[in-house]
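Where a number appears in this text, it was derived from the coordinates with a stated rule and is not lab data. Predicted, not measured: the structure shown is a model, and the values here were computed from it. FYI the Cβ positions are ideal-geometry reconstructions off the backbone, even for glycines, and counts take in every protein chain you see.
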Amino acid sequence: MSYRVGAGYDSHRLAEGRKLILGGVDIPFEKGLLGHSDGDALCHSIIDALLGAAGLGDIGGLFPDTSSQWKDADSTELLKKVVVLCKEKGFEIVNVDAVIIIEKPKISPHVEAMKHALAKTGLDINSISIKAKTNEGMGFIGRGEGIAVQAVCLLKIR
């Protein structure tokens, strides 16, 4: 049996007039994530981790932000496409582990809802781990200007 590990990262600015969507969950907050799609940095980092482990490039290659096709796209739908692609290429997704780094709002109350929303993309809910951290007031995240998300995954080659 053979395994492959992938790492993903995404960051977005927080902006007025946008929804804060993470892991497919609309989180009540006065700012949201600025992006070509819905800005869901959790889904984007998981997508990059999966694509990297499968050797299939990155999110920008598959869903370029220069294409109107992906403007305001639901990132859980993009993730669903990547999960299907990985399975078609002969991979089994063993697990996904992600860290959301944001100063406000508190993310931990929304983690279970995120896991359930991500499970609708084809990921096994028992293989999803999401953690929330602050940046202790440091840098652009600490000043409330943006968010960063890191994700790793393990794929098994069938």
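Some observations on this one:
- Any hit, the stretch 27-35, residues being small (Gly, Ala, Ser) and surrounded by fewer than 16 Cβ atoms within 10 Å (Cβ to Cβ): no
- On inspection, residue 72 fails the criterion of being at negative phi and among the acidic types (Asp, Glu).
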